[in-house]
1. For segment 28-46, enumerate the residues that are small (Gly, Ala, Ser) and in contact with a Gly (Cβ under 7 Å, 6 or more places away or on another chain).
2. Of the residues in segment 63-73, how many are farther than 19 Å from Leu112 by Cβ and touching a helix residue (DSSP H, G or I) at 6+ places or on another chain (Cβ under 7 Å)?
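Derivation of every value follows stated rules applied to the coordinates shown; laboratory data play no part. Since the structure is predicted, the reported quantities are computational estimates derived from the model, not experimental observations. Positions of Cβ are generated from backbone atoms using ideal geometry, with glycine treated the same way; all protein chains shown enter the neighbour counts.
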Amino acid sequence: MTMKSMSDRVDFLALIGGFIMLVDTAWGGIAALGLDLSRMNELILAISFVLGFPIYLLDRWINKRIAVSMLGLFLFRWIATCFGGPTPVLCSPWRCSVLLIVAFGLLQLSKLRRERKLRQADNRAV
């Protein structure tokens, strides 16, 4: 198998992670319907809820080892959730990000498996 065809294939774990992020984005869109989007803190919270799938696609497209954008979204969503109410509070980081964390883990496993397969193909070619 050539390196070009191996890098074009989509791993099963990446597909599952993409589906989870699609569900997270749809769920976030439904949650954003109940927010008052005229207030800046709730608008930022709504944006953090619907950014999941686009960020996942961005990290899938970037061929780096670590999905940095998803970690940034996790922090952004956590901060937006803490400041989303009428008064800022310190909230749990797991509160709205469980699906995001699961999809991040699946994408990381997918990227590590792809790199391992590419390394094995290089070792066989040599």
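1. Gly28
2. Residues in segment 63-73 being farther than 19 Å from Leu112 by Cβ and touching a helix residue (DSSP H, G or I) at 6+ places or on another chain (Cβ under 7 Å): 1 in total.
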